[in-house]
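**Student:** One structure is given below, represented as structure tokens, and several questions about it will come after.
The values are calculated or read from the model by the stated rules, or taken from the named source; none is laboratory data. None of the values given here were measured: they were computed from a predicted structure. Cβ placement follows ideal geometry from the backbone for every residue including glycine, while neighbour counts extend to all protein chains displayed. All accessible areas refer to the heavy atoms of the entire protein, side chains included, with ligands and DNA or RNA removed. Shrake-Rupley method; radii C 1.70, N 1.55, O 1.52, S 1.80 Å.
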Amino acid sequence: MAELFDQAVFLKFLAALLAIFNPLYGIPIFLSMTEGYSPLERKRVAMVVTATVVIVSLISVLIGEEILALFGIDIPSFRIAGGLIILGVGMSMLNASDRSESDQKAVKDGAQKKNIAVVPLAIPLTIGPGTIATTIVFAHSLPDGAEVVTLGAAVLIACAIVGLGLLFADPISRFFGPTMINVITRVMAIILVAVAVEMVLTGTFNAIDTHYPALKGSE
């Protein structure tokens, strides 16, 4: 079992997922977009959002690398691209006031009752390119079988936290208040930027080793 579960990767991946998902950051958006919904309707939306995030995350864990191979993209290149995407997400979270203009537009667009659970609440507001990139990169760092156990466990835990946050969005929002939610968002953003920098650096060195092995041999 120890060979299938890497605790260090599990904790690192879980921290990265929680930083990207940032459940508290999504609570005000969720409440605004489900304004006028009954408690049962709001609960149903929260469950669909959670299920969608779980499915997309697990697909990335299971066949993410195969999808990249289909398009002829190697892991170092994708690691760099994913790191840059995550860096952008983290920086936008650091520089945001309360919500970005795109989030505010999404709230306005979601004023009417419609199927908002999958798009835009789940995709891309909760899980987007940054999450998928992070998942594939971490999966590549583990041996076959280990990525399912290690990353799958982290995905389920992170998604459960997201789901609970949405189910109890109203009391959580009142308890923390906008100021505390903004503080937590900034902390999550710093973690995200650190993960992004590491991904870019690792991807760059791996790309050099892959495409320019002579440089490594000359050292």
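**Student:** Specify the angular offset, from 0 to 90 degrees and rounded to the nearest 10, of the alpha carbon long axis of helix 7-21 from the longest principal axis of the alpha carbons in the chain.
**Tutor:** Around 40 degrees separate the two axes.
**Student:** Another question, if that's okay. Between ALA214 and GLU35, what is the spin-label point distance in nm, taking each point 7 Å from the Cα along the Cα→C-beta axis?
**Tutor:** In this crude label model, ALA214 to GLU35 measures out at 6.3 nm.
**Student:** So if we plug the beta-carbon distance of PHE205 and VAL183 into 1/(1 + (r/R0)^6) with R0 = 45 Å, what FRET efficiency do we get, rounded to 0.05?
**Tutor:** 0.85
**Student:** Still on this model: Starting at 0 and stepping by 5 Å, how many percent of the alpha carbon pairs of the stretch 166-219 end up in each bin?
**Tutor:** Percent of Cα pairs in each bin: 4, 16, 13, 12, 11, 9, 8, 7, 6, 6, 5, 3, 0.
**Student:** Using a 1.4 Å probe and counting only protein heavy atoms, arrange GLU3, GLU198, GLU66 so the residue with the most accessible area comes first.
**Tutor:** From most exposed to least exposed: GLU3, GLU66, GLU198.
**Student:** Right, here's the next one. Give the average over all directions of the projected area of the C-alpha convex hull of the stretch 111-216, one decimal, in nm².
**Tutor:** If you wrap the Cα atoms of the stretch 111-216 in a convex hull and average its projections, you get 9.7 nm².
**Student:** So if we plug the beta-carbon distance of LEU94 and PHE176 into 1/(1 + (r/R0)^6) with R0 = 22 Å, what FRET efficiency do we get, rounded to 0.05?
**Tutor:** E between LEU94 and PHE176, to the nearest 0.05, is 0.70.
**Student:** Counting only the heavy atoms of the protein chains, how much of SER92 is accessible to a 1.4 Å probe, in Å² to the nearest 10?
**Tutor:** 60
**Student:** Cα-Cα pairs above 30 Å in the chain: how many percent?
**Tutor:** Summing the P(r) tail past 30 Å for the chain gives 26 percent.
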